[in-house]
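What follows is a set of notes on a single structure, which appears directly below.
The values are calculated or read from the model by the stated rules, or taken from the named source; none is laboratory data. All of these numbers come straight from a predicted model, not from anything done at the bench. Side chains included, ligands, DNA and RNA excluded: accessible areas come from the protein's heavy atoms. Shrake-Rupley method; radii C 1.70, N 1.55, O 1.52, S 1.80 Å.
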Amino acid sequence: NGAAYWLANAIGIDYGMKFIDKMGFSRVVPADHTLAAALGGLTNGTNTLEMASAYGVFTNNGNYTLPSCILSMQNMNKMEIYKDPTEVKVFSSTTMSTMEDIMSGVFSGSGTAASTGWSNTDIDAAGKTGTTNDSKDAWFTGYTPYYTISVWTGFDDNRSTSYLYGYSYPVKIWKSAMEYMIDGKEPAHFSE
């Protein structure tokens with residue numbers, strides 16, 4: 001967190017927020033242009049779709065594409081009328097390489113997602129855990145060359161807990177979902 005905060009301060013928060021704007025975060029407001037945004041401190045927050053879409057940039061050569069569940073749309077003559085959303089360049093290849101190097105560390109050594117054992121697989125992965133103050137929200141957003149998955153855990157009534165952290169349930173859920181997507185392995189069941 002210290003590095004993200006330092007970097008946002010060094011490049012200037014308004015410059016940094018330009019990248020956020022390119023990635024479709026719909027609830028960002030002018031009041032979010034503070035250094036807290038470097039740590040996820042957004043007035044209205046975000047959601048798993050926006051997070052997964054933003055991290056998808058890392059598997060798409062630095063390009064952002066507005067997410068869509070539409071694969072095809074045809075007129076009555078069976079002519080394709082759907083066009084994929086336009087890609088927007090967000091990051092350079094140098095930035096992509098640096099970010100991947102940083103975020104892959106989450107799975108190794110003392111990384112916050114090392115408990116998954118993912119570093120023992122032959123599939124590259126990278127991601128970031130996150131926990132809000134008082135453990136009200138916990139996140140893990142991660143990606144492989146094939147899929148990007150974002151997991152949020154918390155209570156709808158914004159209650160805090162003493163056991164909820166990004167490296168706990170979100171990481172376990174992510175691993176289970178990713179294994180299902182890649183290998184068809186039956187998802188794990190978790191209980192408190």
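Here are the numbers for this structure:
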quantity	calculated
Residue-wise HN-Hα coupling along the range 82-88, computed from phi with Karplus coefficients 6.51, -1.76, 1.60 (Hz; x: Gly, Pro)	7, 10, 4, x, 5, 7, 10
Ratio Rg/Rh, restricted to the range 81-177 and using Cα atoms, in which Rh is the Kirkwood radius	1.05
Accessible area of the chain belonging to carbon and sulfur atoms, whole % at 1.4 Å probe	54 percent
Alpha carbon Rg of the chain, scaled by the compact-globule rule 2.2 N^0.38 Å	1.09
Mean accessible surface per residue for the range 62-192, computed with a 1.4 Å probe while every protein chain stays in place, in Å²	64 Å²
Mean Cα-pair separation over length for the chain, i.e. relative contact order, pairs under 8 Å, 6 or more apart, %	15 percent
Amide hydrogen neighbours beyond the local backbone of residue 136, cut-off 5 Å, H modeled	161
Computed helical MRE - 222 nm, the chain, DSSP H runs ≥ 4 contributing -39500 (n - 2.57), nearest 500	-8500 deg cm²/dmol
Sequence-separation-based contact order of the range 111-192, relative, with Cα cut under 8 Å and 6+ spacing, percent	27 percent
37 °C / 0.692 mPa s Stokes-Einstein diffusion coefficient of the range 1-67, Kirkwood radius on C-alpha pairs, µm²/s	266 µm²/s
Karplus-derived HN-Hα couplings along the range 110-118 (A = 6.51, B = -1.76, C = 1.60, θ = phi - 60°), whole Hz, x at Gly and Pro	9, x, 5, 10, 4, 4, 6, x, 4
Order of exposure, largest accessible area first, which applies to 6, 139, 118 with probe 1.4 Å	6, 139, 118
